[in-house]
Amino acid sequence: MARFTIPRDVYFGEGAIGELKNLNGKRAVIVIGGGSIKRSGALDKIEGYLKEAGMETKLIEGVESDPSVDTVMNGVKVMKEFEPDWIVGVGGGSPIDAAKAMWIFYEYPEFTFEEATKPFSLPTLRTKARFVAIPTTSGTGTEVTSFSVITDNKTGVKYPIADYNITPDIAIVDTDLVQTMSPTLVAHTGMDALTHAFEAYVSKARTVFTDALAIKSIEMMKENLVKSFEGNKNARNEMHLAQCLAGMSFSNAILGIVHSMAHKTGKIFNIPHGCANAIYLPYVIQFNKKAAGKIYADIARRLGLAGNSEDELVSSLIEMIRDFNRKMNIPLTLREFGVSEQDFNDKLEEIATTAVSDPCTGTNPREISVEEMKKLFVCVYYGKKVDF
C-alpha cells in the first residue's frame, strides 16, 4: 500500500493571501525571516487579513537561513505565552521549516529533537493549532511538504524531520509575492524546484500520483524558468505554481543523490542550495541513466527534445539543464563555482561518506557506494563525463 499526502487546501494565484480573512480562530502567530516581507508590504496585508478574520496576531521574526534549534525554541516560548490556534509560516524554506518545528514543540513541550528525527513517528498534531504556509520564493515547496530541517549550531548536527503530521493544513501560493525576487534567487530556487521534480520522477518511491505532478511541473518549468529569470511576470507566476506541484511530488516520492550531495556540501563549500543542485543535476543524470535511462528519455520525449535513441534523448535532457545554467549564470562545475582544489581534495572523503548516508540516497534509482560517490564528485569538480 502507498500513501499520498498534501495540504487539505491550496489557494493559489494573484491575491490568494486574501483567503486568510476567512480563517476561523482567535489568535495567530506569524513566523518570518528578514525584513523583505515587511518592506514589500506583504506582512501588513497578512496581519490585516487575519485581523479582519477577528484574530489577534503575534510576530516571530528573524528566522535565519538554516534555522537553528535556539530559534525554534525561542519561538516555542512565544507560542506558549500567546497560545495561538493558527501558526502562519511566511517566507522561503527557512521560516516555514522553523515554524513547522515550533509547532511540534508548542504542542508537545517534552518532546526532543532526537525523537522528532525518527521518520514518520511524531505524535498527532493539531491539538492546539493548525498551520498555514505562505511561500515568498519559488523553489523549496515546503508549503506542501512533510519535511523540516533544523540545525544545532552548537554541535553542527542537522535534524531532518519527516512526518506527514507537519504537512501544512493550508498552503497559500500567492503569485504576487514572488515578483520582487532577485534574478539570482529566481535562478537558484528555480533549479531547486526543477531538481525536486526530476528526482521525484525517477525515485524508487514514485507513484502515478507523484509522476503526474512531477512531469507537469517539469513541462511548466521548461517553458518559464529562464523567462522568469529575465523578469517576465507571467513566467514568475507559472514558476510559483510549478514549484508547488514539484513540492507535492517530492514530499511523497522523496528525492535522490542530487540532494544528498547538496545537503553535505552546501555549508562546507558555502554553495547556495539551489545552485548546488543545479551544478550536480546533469552529472547525477549521467550516473543514474544506467538504472533510469528509460525514465529520463521519457521526460525528454515529453519535452519535445531531440533524439531517436535513449542515449540521444538523455543527452538532450542533460544539455537542456546545462543551457539553463549558462543562461542564468550558474557555474557548471565546482571548480568554476570557486571551490579550491586543495579544499575539495581535503574534504572529498568526508562529503562522499556523508552524502551516501544522507536519507535521500535511499530513494535514488541507482545505488551508490562511497568510492563511486567520490568519483562522481571528482567528475563534478573538473567537469568530466560520468562513465561508470
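The table below gives the values:
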item	result
Selected residue (criterion: surrounded by the most Cβ atoms within 10 Å (Cβ to Cβ)) from residues of the range 197-247 that are β-branched (Val, Ile, Thr) and under 22 Å from Ala162 (Cα atoms)	Val202
Any hit, the range 199-213, residues being under 27 Å from Asp44 (Cα atoms) and touching a Ser or Thr at 6+ places or on another chain (Cβ under 6 Å)	no
Positions within the range 21-54 being in contact (Cβ under 8 Å) with a residue 24 or more places away in the chain, of a type outside the set (Asp, Glu) and in a helix (DSSP H, G or I), in sequence order	Lys21, Asn22, Ser36, Ile37, Ala42, Leu43, Lys45, Ile46, Tyr49, Leu50
From the options Pro67, Pro95, residue that is within 26 Å of the chain's Cα centre (by Cα), under 22 Å from Lys154 (Cβ atoms), buried (at least 22 other Cβ atoms within 10 Å of the Cβ) and at pLDDT 95 or above	Pro95
Residue within the range 318-336 that is among the aromatic types (Phe, Trp, Tyr), in contact (Cβ under 8 Å) with a residue 40 or more places away in the chain and in contact with a Pro (Cβ under 6 Å, 6 or more places away or on another chain) present	no
Out of Met221, Met191, sole residue that is touching a Leu at 6+ places or on another chain (Cβ under 9 Å), in contact (Cβ under 8 Å) with a residue 60 or more places away in the chain and more than 22 Å from Val63 (Cα to Cα)	Met191
Residue pairs meeting the criteria (Cβ under 8 Å; at least 6 apart or on separate chains; first assigned by TED's automatic domain parsing to the domain that holds Leu241, in the range 162-173; second assigned to a loop (DSSP other than H, G, I, E, B) and crowded, with 24+ Cβ neighbours inside 10 Å)	none
Unique match (being surrounded by 15 or more Cβ atoms within 10 Å (Cβ to Cβ), over 24 Å from the mean Cα position of the chain (by Cα) and among the aliphatic types (A, V, I, L, M)) among Leu50, Leu43	Leu50
Residue check for Thr137: β-branched (Val, Ile, Thr), outside the structural domain of Val258 (by TED's automatic domain parsing) and surrounded by fewer than 20 Cβ atoms within 10 Å (Cβ to Cβ)	no
Failed condition for Gly34, given (1) modelled with pLDDT of 95 or more; (2) under 19 Å from Leu177 (Cα atoms)	(1)
Residue in the range 355-375 that is acidic (Asp, Glu), closer than 15 Å to Gly256 by Cα and in contact with a helix residue (DSSP H, G or I) (Cβ under 7 Å, 6 or more places away or on another chain) present	yes
Phe250 vs. criteria part of a helix (DSSP H, G or I), touching a His at 6+ places or on another chain (Cβ under 7 Å), buried (at least 23 other Cβ atoms within 10 Å of the Cβ) and touching a residue at least 24 places away in the same chain (Cβ under 8 Å)	yes
Any chance Thr140 is part of a loop (DSSP other than H, G, I, E, B), closer than 30 Å to Ala235 by Cβ and touching a residue at least 24 places away in the same chain (Cβ under 8 Å)	yes
Residues that are in contact with a Phe, Trp or Tyr (Cβ under 9 Å, 6 or more places away or on another chain), in contact (Cβ under 8 Å) with a residue 40 or more places away in the chain, in a helix (DSSP H, G or I) and not acidic (Asp, Glu), drawn from the range 5-20	Ile17, Leu20
Residue satisfying all of: in the range 160-175; surrounded by fewer than 22 Cβ atoms within 10 Å (Cβ to Cβ) and assigned to a loop (DSSP other than H, G, I, E, B); modelled with the highest pLDDT among these	Asp169
The range 55-75, residues that are touching a residue at least 40 places away in the same chain (Cβ under 8 Å) and not in a helix (DSSP H, G or I)	Ile60, Asp66, Pro67, Ser68
Residue in the range 235-246 that is at pLDDT 95 or above, within 28 Å of Thr361 (Cβ to Cβ), touching a strand residue (DSSP E or B) at 6+ places or on another chain (Cβ under 9 Å) and not aliphatic (A, V, I, L, M) present	yes
The range 266-317, subset polar (S, T, N, Q) and in contact (Cβ under 8 Å) with a residue 40 or more places away in the chain, residue surrounded by the fewest Cβ atoms within 10 Å (Cβ to Cβ)	Gln286
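The values are calculated or read from the model by the stated rules, or taken from the named source; none is laboratory data. In this text, all values refer to a predicted model and were calculated from it rather than measured experimentally. Quick reminder, even Gly has a Cβ in these numbers, built from the backbone with ideal geometry, and neighbours come from all protein chains shown.
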